[in-house]
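What follows draws every value from the coordinates through simple rules; no lab data is involved. Because the structure is predicted, anything quoted here is derived from the model rather than measured. Here the Cβ is made from the backbone with ideal geometry for all residues, glycine too, and neighbour counts use every protein chain on show.
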């Protein structure tokens with residue numbers, strides 16, 4: 001099944017991305033006006049992340065990291081491995097691959113990059129985040145950078161299509177705003193914000209192309 005999935009996924013990325021339309025389902029919003037767009041600050045910083053998919057018992061599975069609790073915008077959040085662009089990076093993809101190796105120990109030569117997802121702006125930290133989707137042939141051996149990664153989660157892709165996986169609650173962001181936040185409920189763990197929007201776009205691609213994940 002995983003071989004069929006990877007072939008179909010690579011074919012799917014030859015089509016236009018669903019982009020903002022797919023983000024809307026998981027996009028946080030102000031209760032007073034759901035359609036009010038947050039302002040984009042001048043000169044946002046750039047970051048890149050890697051959405052890794054690999055087979056667990058032949059089932060396509062997504063890898064997430066949990067950030068440590070710290071005094072910062074993304075304290076304790078569930079995310080994809082990644083980080084800000086450095087001067088040494090030759091591209092956004094180069095940064096995503098470098099950060100993935102630094103944070104969880106997966107070397108770039110083992111990742112088959114399928115393509116990019118649509119960028120997502122994060123107001124709380126003023127970052128424009130560029131996501132990429134990568135495939136691994138088998139379950140990886142992880143080496144965690146403990147200052148950056150407290151834990152990891154393996155979530156089968158089919159979970160994101162389950163009924164009632166998406167819930168909503170009030171979450172206060174790092175700027176102190178109370179937001180209505182749609183989120184994926186992962187057995188009590190909350191996946192929301194930019195990462196959830198990226199997952200939503202990936203799911204939209206799979207649905208549009210009728211790609212089976214189970």
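Points worth noting:
- Residue order, fewest to most beta carbons within 10 Å, for 1, 198, 128: 1, 128, 198
- Summarising the strand pairing of segment 2-208, around 80 percent of its internal DSSP beta bridges are antiparallel.
- The fewest-to-most ranking of 6, 152, 141, 51 by surrounding Cβ atoms within 10 Å reads 141, 152, 6, 51.
- Largest mean-square fluctuation among 15, 23, 110, in a Gaussian network model of the chain whose springs join Cα atoms under 10 Å apart, belongs to 15.
- Simple spin-label estimate for residue 170 and residue 212 in nanometres, 7 Å along Cα-Cβ: 4.5
- Value of Rg to Rh for segment 139-208 (Rh from inverse mean 1/r over Cα pairs, i.e. Kirkwood): 1.01
- What the Cα atoms of segment 2-208 give is an Rg and a Dmax of 16.3, 47 Å.
- Modelled this way, with points 7 Å down the Cα-to-C-beta line, the labels at residue 84 and residue 42 are 1.9 nm from one another.
- Here 89, 164, 57 are placed in order of increasing Cβ neighbour count within 10 Å, fewest first, which gives 164, 57, 89.
- Residue-span extension gain [residue 32 to residue 152] - 0.36 nm each, minus C-alpha spacing: 39.7 nm
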